Amino acid sequence: MPDLLSVSRHYAGGWRCALHAFGLVLCLSGCAAFRSYDNEMHKTLDQTSSGNLDRAIEVLESNNRGDFKDLLYYFELGMLQRLGDRYPDSQKSWMSANAYVQAWEHTAQTNPSKLLPGAASYLINDKVRTYEGHDYEKVMLLTYIALNFLAMGEYENARVAIKQTHELEAVIAELRRKEIVEVEQDAQKRGARTSFKELNGYPVQTIDNPAVNALKNSYQSALSHYLAGFVYESLGEPSLAAPGYRLANELQPNQPLLEEALSGLEQRVSAPDAGLIDVLFVIGSGMAPALQSRQFRLPIPAYGTLVILPVAFPVMVPTSTPYLPGQLKLDDEQLLTVAPITSIDLMARRALKDDMPGIMLRAAIRTTAKGVAQYQLQHQGQKQDNAALAIAALAMTLGSVVTESADERTWRTLPSEIAIARGRIPVGKHTITLQTPEGVRSVQLNLSGRYAVVDLRLLQRQLYVQPPEVAVREGGQQPTDAGVAPAPSTGGGPETLKQQPHTMETPK
Amino acid sequence: MIDLSRTRRLALLPLFAAVALAAGCAQEQTRYGDQRSIETVTNQFSSTDLQMIAESMTRSMLQSSAIVSGNLPIVTVQEVKNKTSEYIDTRAVTDSIRSELQKSGKVRFAVDAAAMQQQVEEVERQQGEYYDKEQTAEKGRMVGAQYRMEGNIISIVKQAKDIRDVYYKFNLQLWNVRNGLLEWSDEKEIRKTTTKG
Amino acid sequence: MKRTWMIIALLAAAFAYGCATKKGFEKPGFAFGCPIGDTKVSSMDDLVKFKVLSEGKRTTIVATEMRCTMTGDLLKIDVNLNNDSSKVKRVAYKFRWIDREGMRAWEEEVWKPLLMYENSNIAVSGVAPTNKAVDFRLILLSQE
């Protein structure tokens with residue numbers, strides 16, 4: 001599996017690199033990005049919610065026509081392909097995304113100062129910068145890559161992706177620790193304000209509330225660690241599965257379902273193979289919240305007068321009211337408890353909260369640079385009564401308004417809320433039924449092997465199902481319509497896994 | 001808030017940025033290191049910890065009476081339970097211990113639970129008609145272990161503003177399968193402290 | 001005449017040797033239980049100088065005592081390390097195992113880090129990984 005491990009291209013020849021750097025900087029002053037990612041994604045998400053995945057991908061492509069595809073494009077594309085059960089395509093997109101993440105991780109380890117707010121590249125408008133991805137998105141990318149591998153029956157590769165999440169989390173933790181110190185020191189030196197609570201009119205409660213503050217950090221999720229536990233368990237490595245479940249419990253405390261995973265681990269591993277499949281249902285709901293640019297007026301004291309400059313900051317806006325069912329019904333008899341495990345919504349809020357000091361520091365530095373130019377124009381204009389200069393000053397102010405908008409880029413096709421259910425069920429055909437606000441929905445699955453992961457995604461009018469791959473390949477499964485008791489997911493075709501997805505544990 | 005006079009030079013920013021970015025593109029170098037050197041990049045479980053534990057456990061076990069007086073005792077390796085919140089591959093530790101013991105020539109190992117499936121499959125496969133009956137591995141000839149090795153690793157992690165302290169305790173036991181007696185047990189403790197700054 | 005001198009010299013040597021070990025009896029080729037081969041070792045200082053090496057960064061930590069014994073058929077070594085400075089010192093050590101032919105009897109050990117408080121002693125011990133190891137060296141490396 002060389003893809004996952006290969007990170008190259010970033011460290012190519014020095015000349016080419018310098019040229020790129022120069023081109024980028026030239027571009028900064030000229031082509032200010034007028035892109036509003038929130039507006040751009042609107043149609044894509046709408047199509048997705050209506051079940052038109054192909055159309056959704058077309059819209060996404062039309063918004064990313066350039067040769068250079070960024071991390072965000074691959075994030076979204078991979079998720080849309082996954083929703084359509086196109087696992088190999090999805091994996092290809094996400095591997096491209098992972099190459100960016102790996103390069104970032106490499107920089108974070110070898111040259112972290114490049115990623116800290118003081119770095120030169122950080123002094124340009126955030127949205128013009130190459131998209132680096134939020135920390136939680138990078139971890140979720142690897143988590144979903146692992147889910148793709150599980151769906152394709154490649155458990156060993158899933159283990160590689162899972163192991164990468166551990167390493168990535170350690171790198172992020174170290175970098176953020178450095179960042180907090182640096183932002184604090186830099187802000188103090190410049191006398192800049194970095195507390196968003198001092199930003200007049202900022203909706204503080206959206207990112208500063210008990211639920212957000214209860215998270216340990218913005219990037220560790222109980223889902224990633226629970227999945228790690230599940231993967232290690234399926235590969236017969238209980239000593240690695242244990243910390244996975246243990247961390248999931250720490251990150252999402254007081255959930256009996258999560259506690260059971262740890263307490264019952266030994267028993268499950270040593271249980272004889274009684275023809276039962278250990279099935280993990282991952283239930284995602286809604287879409288990740290949007291970032292929207294809002295302007296706040298920031299007075300900059302200069303040469304004894306005040307220059308008021310509009311400064312844009314990102315604000316977190318929920319886009320859906322995600323619904324999670326309380327339980328999942330299996331074949332009209334068995335009820336599986338559904339336990340919330342991870343809220344991307346909260347993680348995104350926490351990420352913004354943790355990023356705000358850096359965003360504010362960078363905004364203050366940029367605004368001050370603009371303020372200098374503006375002041376000088378105004379000043380000369382007043383002194384010489386030069387109409388042309390005064391107009392130039394006005395144009396500059398207007399220019400600031402237009403160009404100064406906050407970075408709205410964030411991975412939108414991630415679910416807003418994620419829950420899990422787990423059960424040991426017999427091999428064979430099963431009907432899974434969910435209660436949703438739009439009515440009852442059900443899907444038929446044919447499961448085999450000893451472990452399986454079934455990912456369900458609830459959107460406003462849609463239920464997407466991502467079962468193990470073979471079921472899809474032979475059936476061409478369609479998302480089910482709201483309210484309608486849906487057609488069997490595969491039109492009755494066999495959906496068995498062709499091979500067992502893991503090395504079997506010996507019954508002890 | 002921000003003193004403008006200090007930030008005049010920011011007008012030259014694009015130039016600075018270009019230079020800085022170009023400088024950041026310097027070529028990297030990768031070299032081989034000493035695989036047995038002390039690794040203290042972070043205070044998470046490290047290669048040095050793994051090697052120290054394996055070495056100390058092996059040397060201690062070689063002095064146990066079960067091994068000294070036994071005639072090439074047969075041991076099977078069981079799980080070392082990971083009771084920490086860290087992803088420590090304890091099988092990598094027991095694998096190291098097993099190879100060191102095997103190399104010492106004082107212990108033999110019987111197939112363990114994790115490898116049983118492959119073992120059984122191979123024996124089954126040799127029962128097939130394509131194999132020379134004289135030389136195939138017959139069923140019912142595997143030798144059971146006299147001792148089983150198991151253990152656990154715990155950690156205590158304490159973190160304050162500028163200090164992170166982690167303590168590991170690795171415990172390994174050698175049990176007599178026939179009579180259930182504990183023949184040998186030893187511990188290795190490791191403490192690591194990281195201070196910030 | 002020549003013969004008489006030789007006998008006296010031998011006796012003197014044997015006497016000195018016996019005193020140095022303080023054990024009264026020592027097998028030839030051993031000092032304080034530790035294998036020394038043909039090397040002349042007449043005191044603990046000699047033995048330590050012979051057995052302890054420094055590799056890489058030098059440390060002020062010194063071995064002050066060293067004794068060897070056999071556990072089963074394996075060589076076991078006890079070494080006392082001393083930090084006589086008024087500062088905490090960090091040091092790493094490893095044993096190198098040598099076989100009958102003077103070749104390496106085992107692969108390089110892992111460096112074992114050690115923290116030594118000011119003005120203190122620590123006893124470290126090592127057991128040979130195999131009975132092929134009949135000799136050893138202790139190697140110290142500063143971790144400051």
Neighbourhood charge, 11 Å Cβ-Cβ cut-off, centred on residue A:179 and excluding it, Lys, Arg +1 and Asp, Glu -1: -4
Relative contact order [Cα under 8 Å, 6+ residues apart], region C:27-142, whole percent: 31
Net dipole in debye of chain B [+1 Lys, Arg Cβ; -1 Asp, Glu Cβ; about Cα centre; nearest 20]: 920
Total charge dipole magnitude, region C:27-142, about the Cα centre, Cβ charges on Lys, Arg, Asp, Glu only, Debye to nearest 20: 220
Dipole magnitude of region A:123-194, debye to nearest 20 (Cβ charges: Lys/Arg +1, Asp/Glu -1, about Cα centre): 300
Net charge of neighbours whose Cβ lies under 14 Å from the Cβ of residue A:262, counting Lys and Arg as +1 and Asp and Glu as -1: 0
Above-threshold pairs, the threshold being 24 Å between Cα atoms, out of B:188/C:89; B:81/C:76; A:114/B:192; A:163/C:112: B:81/C:76; A:114/B:192; A:163/C:112
Kirkwood-Stokes translational diffusion coefficient of region B:99-197, alpha-carbon pairs, 25 °C, 0.890 mPa s, µm²/s: 138
Viscosity 1.002 mPa s, temperature 20 °C, Stokes-Einstein D of region C:27-142 from Kirkwood C-alpha radius, µm²/s: 147
In Hz, Karplus ³J(HN,Hα) per residue of region A:142-158 (6.51, -1.76, 1.60; θ = phi - 60°; x = Gly, Pro): 5, 5, 6, 4, 4, 4, 4, 4, 4, 5, 8, x, 9, 5, 5, 5, 4
Quarter of Cα convex hull surface for chain B, i.e. mean projection, nm²: 21.0
Bins of 10 Å, starting at 0 and running to the largest distance - Cα pair percent for region C:43-90: 22, 45, 27, 6, 0
In nm, spacing of pseudo-spin labels at residue C:71 and residue B:127 (7 Å Cα→C-beta vector): 4.6
Label-point separation, residue C:27 to residue B:191 (7 Å along Cα→Cβ), nm: 3.9
Contact order normalised by residue count of chain B, Cα under 8 Å, 6+ apart, percent: 20
Principal axis dimensions, largest first and in whole angstrom, of region A:2-364 by Cα: 80, 45, 42
With all protein chains modelled, accessible area of residue A:440 [1.4 Å, Å²]: 70
Net charge contributed by nearby residues that have their C-beta within less than 10 Å of residue B:81 (K/R +1, D/E -1): -2
Inter-label distance for residue A:274 and residue A:438, nm, one decimal - labels placed 7 Å from Cα along Cα-to-Cβ: 3.9
Hydrodynamic radius of region A:162-252 per Kirkwood, over alpha carbon pairs, in Å: 15.7
Degrees between helix B:90-104 axis and first principal axis of chain B (Cα, 0 to 90, nearest 10): 50
Translational D in µm²/s for region A:231-351 (Stokes-Einstein at 25 °C, 0.890 mPa s, Kirkwood Rh from C-alpha pairs): 131
Principal axes of region A:126-213: Cα extent on each, largest first, Å: 54, 29, 26
Rounded tilt (10° steps) of B:13-23 against the dominant C-alpha axis of chain B: 30
Exposure of residue A:323 as accessible area (Å², to 10), given a probe of 1.4 Å and all protein chains: 80
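The values are calculated or read from the model by the stated rules, or taken from the named source; none is laboratory data. Remember, predicted model here, so these are calculated numbers, not experimental data. For neighbour counting, all protein chains shown are included, and Cβ atoms are generated from backbone atoms with ideal geometry for every residue, glycine included. Note: accessible area is taken over every heavy atom of the protein model, side chains too, but ligands, DNA and RNA are not part of it. Shrake-Rupley method; radii C 1.70, N 1.55, O 1.52, S 1.80 Å.
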